[in-house]
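**Student:** Quick one: structure below, then a few questions.
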Ligand code: FAD
């Protein structure tokens, strides 16, 4: 089985000719797996008039690109994309197939895994390979984030996983790096499609702002109430950052869910993350621990958040945050 299926594949998600960050991150993770297993790394690119994107896919580490370029694939639809990916998978038989855990990536991966009768590990945050047994080791938080579970797909191929955005690292692109382009033809007809796209409305939510923010000021239940939580907004404003929070804060109605950081919220990697009045539960920490610098403010010197903090400030947020706001304002 292992010999029949060969290669690490990454689904290259694009819209309007722009590749999603997560696909570049997955090429970085896929490169390591492919080197370890001594197989080629391939990008799978579907769309319309997307050939120019192959250059980027090669520059970010792929050895091969399997491309289907067709007008019916202009915008993502489960039906047409699944048909394309199924055709490629059945013809070229990858050993491992990775997708970004985005709405489209999750939708496509689950549909493809069902039709290929194989396993899918959803929302993974760590990837490795057992070379001897040719197994993908896909790990993700489980049991409410209390353990990391490593999930194996022993008897079916390809081994599939969706991977959270922002947890893997893209490689530095190598300009001029190139590889083998396989152009695949497909029979697709617009009139056969059961879904028609009438309009695409772009998201302009704070969620996108949170993921792209260089500075995030996040507050927790330790802020006491919604009125005090305004201090978090004020600090974010003087620093030009975005506001995030814990699930408890979202459940209290102080912030919308799109601004929740953590296992059931967003994964963020800003340059600077303030964690204020946040205890540091594992479910929160998995969403922010890869931030470049973490400054934690908590009145409990034993709060777990200090284990991941770059700088720890033990004290009352109600006293410290107004001083920070004042200090940065006059700086
Ligand atoms: P608390 O744990 O109550 O911590 C408040 C902290 O504030 C304490 O450390 C306290 O010492 C400090 N404090 C109090 N007063 C002050 C003061 N005046 N000054 C300074 N510090 C003060 N949580 C998330 O955040 N994101 C998720 O995505 C998420 N997903 C979850 C998924 C599951 C399946 C489960 C079971 C839980 C999930 N949680 C998530 C909840 C998580 O377990 C914690 O309950 C939550 O993160 C705690 O939020 P908190 O730190 O705001 O509150």
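**Student:** For region 148-163, give me the residue count where each residue is more than 16 Å from the ligand (Cβ to nearest atom) and either surrounded by 20 or more Cβ atoms within 10 Å (Cβ to Cβ) or part of a strand (DSSP E or B) (or both).
**Tutor:** Count: 9.
**Student:** Given the criteria farther than 17 Å from residue 83 by Cα, at pLDDT 95 or above and in a loop (DSSP other than H, G, I, E, B), does residue 170 qualify? Step through it out loud before you land on a result.
**Tutor:** Working: farther than 17 Å from residue 83 by Cα: yes; at pLDDT 95 or above: yes; in a loop (DSSP other than H, G, I, E, B): yes.
Against the criterion (farther than 17 Å from residue 83 by Cα, at pLDDT 95 or above and in a loop (DSSP other than H, G, I, E, B)), residue 170 qualifies.
**Student:** Of the residues 129, 101, which single one is within 21 Å of residue 37 (Cβ to Cβ) and touching a residue at least 40 places away in the same chain (Cβ under 8 Å)?
**Tutor:** On the way: 101 fails: within 21 Å of residue 37 (Cβ to Cβ).
Of the residues listed, the single one that is within 21 Å of residue 37 (Cβ to Cβ) and touching a residue at least 40 places away in the same chain (Cβ under 8 Å) is 129.
**Student:** Looking only at region 249-272, which residues are more than 18 Å from the chain's Cα centre (by Cα) and at negative phi?
**Tutor:** Within region 249-272, the subset more than 18 Å from the chain's Cα centre (by Cα) is 249-256, 272.
Correct list: 249, 250, 251, 252, 254, 255, 256, 272.
**Student:** Among the residues of region 301-314, count how many are closer than 20 Å to residue 213 by Cβ and buried (at least 17 other Cβ atoms within 10 Å of the Cβ). Write out each step before concluding.
**Tutor:** Initial filter on region 301-314 (closer than 20 Å to residue 213 by Cβ): 305, 308-311.
Next, from what is left, pick out any that are buried (at least 17 other Cβ atoms within 10 Å of the Cβ): 305, 308-309.
Final tally of qualifying residues: 3.
**Student:** Considering every residue within region 315-331, establish whether at least one is crowded, with 16+ Cβ neighbours inside 10 Å and farther than 16 Å from residue 231 by Cα.
**Tutor:** First, pick out the residues of region 315-331 that are crowded, with 16+ Cβ neighbours inside 10 Å: 317, 320-321, 324-325.
Still in the list and also farther than 16 Å from residue 231 by Cα: none.
Within region 315-331 (the criterion being crowded, with 16+ Cβ neighbours inside 10 Å and farther than 16 Å from residue 231 by Cα), the answer is no, since none of the residues qualifies.
**Student:** Residues to consider are 281, 275; find the one that is surrounded by fewer than 24 Cβ atoms within 10 Å (Cβ to Cβ), within 29 Å of residue 122 (Cα to Cα) and touching a residue at least 40 places away in the same chain (Cβ under 8 Å). Spell out how you get there, then give the answer.
**Tutor:** Working: 275 fails: surrounded by fewer than 24 Cβ atoms within 10 Å (Cβ to Cβ).
When all the criteria are applied, what remains is 281.
**Student:** Something else now. Among 88, 53, which is the only one that is in contact with a strand residue (DSSP E or B) (Cβ under 9 Å, 6 or more places away or on another chain) and over 21 Å from residue 121 (Cβ atoms)? Spell out the reasoning first.
**Tutor:** Details: 88 fails: over 21 Å from residue 121 (Cβ atoms).
On inspection, the qualifying residue turns out to be 53.
**Student:** While we're looking at this one, here's another question. What single numbered condition from (1) surrounded by 15 or more Cβ atoms within 10 Å (Cβ to Cβ); (2) within 17 Å of residue 223 (Cα to Cα); (3) more than 9 Å from the ligand (Cβ to nearest atom) fails to hold for residue 298?
**Tutor:** (3)
**Student:** Also, quick follow-up: Could you please find all residues in region 265-284 being part of a loop (DSSP other than H, G, I, E, B) and more than 8 Å from the ligand (Cβ to nearest atom)? Let's see the steps before the verdict.
**Tutor:** Let us first name the residues in region 265-284 that are part of a loop (DSSP other than H, G, I, E, B), namely 265, 267-271, 277-281.
Scanning region 265-284 gives 267, 268, 269, 270, 271.
**Student:** Among the residues of region 285-306, which ones are assigned to a helix (DSSP H, G or I) and touching a helix residue (DSSP H, G or I) at 6+ places or on another chain (Cβ under 8 Å)?
**Tutor:** Initially, region 285-306 is screened for residues assigned to a helix (DSSP H, G or I), giving 285, 304-306.
Once the filter is applied, which keeps residues that are assigned to a helix (DSSP H, G or I) and touching a helix residue (DSSP H, G or I) at 6+ places or on another chain (Cβ under 8 Å), region 285-306 yields 285, 304, 305.
**Student:** Of all residues in region 232-256 being farther than 21 Å from residue 271 by Cβ, in contact with a strand residue (DSSP E or B) (Cβ under 8 Å, 6 or more places away or on another chain) and not in a loop (DSSP other than H, G, I, E, B), which is farthest from the ligand (Cβ to nearest atom)?
**Tutor:** As a first pass, look at region 232-256 and keep what is farther than 21 Å from residue 271 by Cβ: 247-256.
Of the ones still in play, those that are also in contact with a strand residue (DSSP E or B) (Cβ under 8 Å, 6 or more places away or on another chain) are 247, 249-250, 254-255.
Filter again for not in a loop (DSSP other than H, G, I, E, B), leaving 247, 249-250.
Working: 247: 3, 249: 6, 250: 8 Å.
Filtering region 232-256 for residues that are farther than 21 Å from residue 271 by Cβ, in contact with a strand residue (DSSP E or B) (Cβ under 8 Å, 6 or more places away or on another chain) and not in a loop (DSSP other than H, G, I, E, B), the one farthest from the ligand (Cβ to nearest atom) comes out as 250.
**Student:** Looking at region 209-227 only, could you name the residues that are over 15 Å from residue 262 (Cα atoms), within 14 Å of the ligand (Cβ to nearest atom) and under 18 Å from the mean Cα position of the chain (by Cα)?
**Tutor:** Residues of region 209-227 over 15 Å from residue 262 (Cα atoms): 209, 212-215, 222-227.
With within 14 Å of the ligand (Cβ to nearest atom) added as a condition, the list becomes 222-227.
Of everything in region 209-227, nothing turns out to be over 15 Å from residue 262 (Cα atoms), within 14 Å of the ligand (Cβ to nearest atom) and under 18 Å from the mean Cα position of the chain (by Cα).
The values are calculated or read from the model by the stated rules, or taken from the named source; none is laboratory data. Predicted model, so just to flag it, every value in this text is computed and none were measured. Note that each Cβ is placed from the backbone with ideal geometry, even for glycine, and that neighbours are counted across all protein chains shown.
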